[in-house]
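K.L.:
Please see the structure below; I have some questions.
None of the figures in this text is laboratory data; all of them are computed from the coordinates on show. Please read these numbers as outputs of a predicted model, since none were measured by experiment. Neighbour counts are summed over all protein chains in view; Cβ atoms, including those assigned to glycine, are modelled from backbone coordinates with ideal geometry.
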Amino acid sequence: MKRRLISLFMAVMVATCSMTGCGVKTSQKENTESGYGSGDVLSEKKVGVCIYQFADDFMTLFRDELKDRLVEKGISEDNIEILDSLNNHNTQVEQVKELINDGVDVLIVNPVNPSFAKEITDLAVGAGIPLVYVNREPDGDEEDRWVDNDYHVSYVGCDARQSGTYQGEIIEALGFDTVDLNGDGKLQYYMIEGDPENIDSQYRTEYSVRTLKDSAWKLECVGDEVGNWHQETARQLMAKFLEEDKDIEVVFCNNDAMALGALEAIEADGKVVGQDIFLVGVDALEEVIGCVLEGRITGTVFNDYISQSHSAADTAINYIKMEKVEHYVGCHYVKVTTKNAQEILDKIKK
Ligand code: GAL
């Protein structure tokens with residue numbers, strides 16, 4: 001598929017004065033002579049960041065790590081502007097315009113709605129500002145446009161299909177007889193989705209279940225609700241479902257915040273994970289890894305915010321430095337169970 005080929009395609013940066021709004025030609029010459037990226041020069045560059053919303057556990061980890069990496073690489077903290085798009089596409093578009101007017105040298109955008117990425121790309125390209133999308137992948141047609149037109153636009157993130165597959169595999173590894181608690185030959189599962197418009201939600205919902213079906217497990221969906229990535233929403237959904245007292249064996253949550261909400265409701269109902277029910281999430285938040293180690297959550301999938309935010313910062317800086325940049329920078333998820341939970345915990349606590 002063309003989109004996958006993007007990962008192999010290299011865009012070579014071309015210096016234009018309008019690109020940074022501050023005389024790149026001169027800077028490029030100076031930089032070549034003095035070793036560009038030696039803190040001093042890079043520290044004068046401005047980075048504008050829009051996060052789809054600050055009220056999101058995973059994106060908070062990502063955002064803090066991104067800022068640290070930019071600073072570590074030589075961008076001055078005063079020149080990094082990070083805005084909360086409040087989960088509103090129009091707000092985000094206005095913020096992108098503001099950042100462009102402020103003369104940022106590069107944009108990093110976590111789109112509110114990746115299906116409308118074209119509007120943001122056009123603003124950045126029109127202003128000659130390189131753009132790095134993170135976490136929420138724009139669709140294939142949009143990515144093809146960057147390649148076809150040699151736009152200075154990239155995406156950094158993981159393929160959410162892998163996280164869904166890993167959730168399915170964590171359950172599969174327990175063995176059907178262990179998970180089929182009521183012994184009816186079918187797995188009763190409940191799905192709590194993130195934002196249904198979001199590709200991560202769609203793929204995790206689809207691939208978690210598909211993995212088990214592909215292994216010839218019989219499944220029965222006893223409920224599929226939208227928790228919007230949010231802990232308290234998931235807690236309420238789970239509590240409501242448990243009140244109905246239907247058979248349920250596995251709860252799939254599209255992220256860990258929602259798994260924590262589901263866990264609260266499960267424990268309030270007197271159920272024990274691992275005995276009465278199985279529960280999986282995605283992200284590997286520190287609290288969830290702790291629960292995995294205690295056996296209170298069956299497993300999760302590490303959404304490596306460290307490597308993703310570092311790649312995003314490095315990609316943005318490579319654009320500033322006019323170095324070669326890939327249009328697609330991927331990363332891998334990691335399955336987390338009791339076997340490797342401590343290892344992942346040590347990694348994120350470093
Ligand atoms: C996912 C993450 C979720 C949420 C979402 C926002 O990758 O697993 O917890 O942060 O991104 O788009």
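K.L.:
Measure nothing but the geometry: give the 0 to 90° angle between the long axis through the Cα atoms of 89-101 and the longest principal axis through the Cα atoms of the chain, rounded to 10°.
P.N.:
It is inclined by approximately 20 degrees.
K.L.:
In addition: By counting other Cβ atoms within 10 Å of each Cβ, how are 62, 176 ranked from fewest to most?
P.N.:
176, 62
K.L.:
OK, next. First select every other residue whose beta carbon is under 12 angstrom from the beta carbon of residue 48; then total the charges, Lys and Arg +1, Asp and Glu -1.
P.N.:
Net charge around residue 48: -1.
K.L.:
Once you list every other residue whose beta carbon is under 10 Å from the beta carbon of residue 118, what net charge do they have if Lys and Arg are +1 and Asp and Glu are -1?
P.N.:
Summing Lys and Arg as +1 and Asp and Glu as -1 gives -4.
K.L.:
Okay, moving on. Taking other Cβ within 10 Å of each residue's Cβ, how do 180, 214 sort, fewest first?
P.N.:
Ordered by Cβ neighbours within 10 Å, fewest first: 214, 180.
K.L.:
May I pose another question? For the chain, set up a Gaussian network in which alpha carbons nearer than 10 Å are linked by springs, and say which option among 247, 159, 256 fluctuates the most.
P.N.:
Answer for the Gaussian network model of the chain: 247.
K.L.:
Which angle between 0 and 90 degrees, to the nearest 10, do you get for helix 305-320 versus the longest principal axis of the chain when only C-alpha atoms count?
P.N.:
Helix 305-320 sits at roughly 20 degrees to that axis.
K.L.:
Collect residues whose amide H, placed 1.01 Å from N in the peptide plane, falls under 5 Å from the amide H of residue 133; neighbours closer than 5 in sequence don't count.
P.N.:
109, 154, 155, 156
K.L.:
Provide, as a two-decimal number, the C-alpha radius of gyration of region 161-302 over 2.2 N^0.38 Å, N being how many residues it has.
P.N.:
Dividing the Cα radius of gyration by 2.2 N^0.38 Å gives 0.92.
K.L.:
By counting other Cβ atoms within 10 Å of each Cβ, how are 152, 89 ranked from fewest to most?
P.N.:
Ascending Cβ contact count within 10 Å gives the list 89, 152.
K.L.:
With the crude spin-label approximation of a point 7 Å out along Cα→Cβ, what separation in nm comes out for residue 243 versus residue 221?
P.N.:
The answer from the label model is 2.3 nm.
K.L.:
Then there's this: Quick one: check the C-alpha center-to-center distance for region 260-291 versus region 69-125, whole angstrom.
P.N.:
35 Å
K.L.:
Once phi is turned into θ = phi - 60°, what whole-Hz ³J(HN,Hα) does the Karplus curve with 6.51, -1.76 and 1.60 give for every residue of region 110-115, x standing for Gly and Pro?
P.N.:
9, x, 5, 9, x, 5
K.L.:
Follow-up question, since we're still on this one. What percent antiparallel are the DSSP beta bridges of region 161-302, to the nearest 5?
P.N.:
For region 161-302, the DSSP antiparallel bridge percentage is about 0.
K.L.:
Which percent, nearest 5, of DSSP beta bridges in the chain are antiparallel?
P.N.:
Antiparallel bridges: around 10 percent, rounded to the nearest 5.
K.L.:
Also, quick follow-up: Just want to confirm a number: the relative contact order over the chain, from Cα pairs under 8 angstrom separated by 6+ residues, in percent.
P.N.:
20 percent
K.L.:
Where nothing but the Cβ of Lys and Arg (+1) and of Asp and Glu (-1) is charged, how large is the charge dipole of the chain around its Cα centre, in debye to the nearest 20?
P.N.:
Using Cβ point charges on Lys, Arg, Asp and Glu, the chain gives about 1020 debye.
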